[in-house]
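Worksheet: the structure to be examined is printed underneath.
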Amino acid sequence: MIRFKVNGAARETDAPPLARLLDVLRVPLGLTGTKEGCGEGECGACSVLLDGVPVNSCLVAVGQCEGRDIVTVEGLAHGEELTPLQRAFVEDGGAQCGICTPGMLVAAEALLRRNTRPTDDDIRDAIAGNLCRCTGYQRIVDSIQAAAAAVRAKGSRA
Amino acid sequence: MSAYAPAGLERTEMARPKTIVEACRILAQAVRAKKTASLLAGGTDVIVDRHLMPVAKAHAIDLIVDVTGVEELVRISERDVGGERHLVFGGGVTYWQLRTDARVTGTIPMLDAMAKDVGAVQIQTRGTLAGNIATASPAADGVPALMALDGKVTLVKDGGARTVPLDQFFLAYRKTVLAPDELIAEIAVRVPKDGARVRWRKVGTRLAQAISKVALASVVEEEGGVITRARFGMASVAAVPHPLAGVRALVEGKSTKSLDRAAIDAAIDREIKPIDDVRSTGPYRLHVAKALVWRALAP
């Protein structure tokens, strides 16, 4: 049995240790917010935070997660209250079809946790591993800038 | 039937050593028991290969040795070797560490620039230097950078260790001197002298998530206008990452101002044999390789 934390709650799985974290999150744990795009680390749709660090969950063996802390897109909001990033993606057109959105939010969350005053280049670096085929990225960059401004104004976490 | 692909996944055991010594013992036992064992760190190759393996070719790995719990492997330290300053990276050091550790960014900014060009953040946080070396891809980014810095790898096994210069580590396409019971414990690189021209240039289709068409890392040191040391590491132009020893021999001891470009181009023609593949063509790669070497040598 492999034990770890997901979105603050203790969870466990009897999956084989070499099973992908992505599959364990989506199937037995039912956290389908994390998407599978390419399955080879190119698209970022399966991004989650592992001990606060953004990773592609398609590249992580679940056996490597023993005792570790995982945050998926479902764990970002505080109850019904959206984070500044989620609000900005809704209000500024950062989300269109939605398939890249969970990964984008996770990658942007990791950025804003370490830097609440990012340049556009910092943002493009932070989301370079998250492919979007709808927005042309500019609306996403704008959304993340708007969220960063909101975080700075409130002095709150991303 | 298992819910997890590919079939047979549940036959693979995972060991999670905490120390290098323990990891080496586990590898030694596996080799003695004739088990197939594989080290696992960031998973950027192992997990993908395993998951996407065609069913017809699928073979069970008996044992995965996950080294992400070995704290010794993620250390970065400094060492004096023969009066020269070196940085020493544990094999498990990630590209993200190269981008964020002040000892690296402040000492060898070229490594920071290289790491920024590897995949994207989610790959940089997982991919490790030892993984990049062990998988022996001709298109590796980390390997040419470490090679240009006179990288030496320390290979450790149960009851022994040896040090191999990186330019002698690769034998042929995807073949290395690493034995099944060895792991790459550390990589030591020489810190270039102040004022050295230390450069990284990766030519790919886009800035992020690209595999190189050609990449070149270079260190050129000069005294009084004369090149006293030239080191290169070039990717995607041969079966293995290439040190361009012929170019090095041609330019060391020469004045930067009197370098013979035609002779250098001819040396490159002799040394590398770039191929046509899905990313580029042989002739284009050769053209770019020559341009990059010339820029690396320029003041």
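The values are calculated or read from the model by the stated rules, or taken from the named source; none is laboratory data. Keep in mind the model is a prediction, meaning the values are calculated, not measured. All Cβ positions, even for glycine, are placed from backbone atoms using ideal geometry, and neighbour counts span all protein chains on display.
One table, with the values for the structure above:
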{"item": "Of all residues making up region A:3-54, the number that are at the interface with chain B (Cβ under 7 Å from one of its Cβ atoms) and over 17 Å from B:Val121 (Cα atoms)", "result": "8"}
{"item": "All helices (runs of 4 or more DSSP H) inside region B:242-299 with 1 or more residues being within 22 Å of B:Gly142 (Cβ to Cβ) and touching a Leu at 6+ places or on another chain (Cβ under 7 Å)", "result": "B:261-271, B:282-297"}
{"item": "Helices (runs of 4 or more DSSP H) (entirely within region B:12-109) containing at least 1 residues that are under 18 Å from the mean Cα position of the chain (by Cα) and modelled with pLDDT of 95 or more", "result": "B:95-100, B:102-107"}
{"item": "Region A:129-158, subset farther than 16 Å from A:Asp92 by Cα and more than 16 Å from the chain's Cα centre (by Cα), residue surrounded by the fewest Cβ atoms within 10 Å (Cβ to Cβ)", "result": "A:Gly155"}
{"item": "All positions within region B:91-131 that are out of contact with any Pro (no Cβ under 6 Å at 6 or more places or on another chain), without any contact (Cβ under 8 Å) to a residue 12 or more places away in the chain and either over 18 Å from B:Arg75 (Cα atoms) or more than 10 Å from chain A (Cβ to nearest Cβ) (or both)", "result": "B:Ala102, B:Thr105, B:Gly106"}
{"item": "B:Asp45 vs. criteria among the acidic types (Asp, Glu) and either free of Cβ contacts under 8 Å to residues at least 12 places away in the same chain or touching a Lys or Arg at 6+ places or on another chain (Cβ under 8 Å) (or both)", "result": "no"}
{"item": "Which numbered condition B:Arg295 fails, given (1) at pLDDT below 95; (2) closer than 22 Å to B:Trp200 by Cβ; (3) of a type in the set (Lys, Arg)", "result": "(1)"}
{"item": "Residue under evaluation A:Ala126, criteria (1) surrounded by fewer than 22 Cβ atoms within 10 Å (Cβ to Cβ); (2) over 19 Å from A:Ala77 (Cβ atoms); (3) within 14 Å of chain B (Cβ to nearest Cβ); (4) under 18 Å from the mean Cα position of the chain (by Cα), criterion not met", "result": "(1)"}
{"item": "Selection count, region A:94-107, where residues are farther than 11 Å from A:Leu49 by Cα and part of a helix (DSSP H, G or I)", "result": "3"}
{"item": "Residues (among the charged types (D, E, K, R), free of Cβ contacts under 8 Å to residues at least 60 places away in the same chain and in contact with a strand residue (DSSP E or B) (Cβ under 9 Å, 6 or more places away or on another chain)) located in region B:239-288", "result": "B:Arg248, B:Glu252, B:Lys254, B:Glu271"}
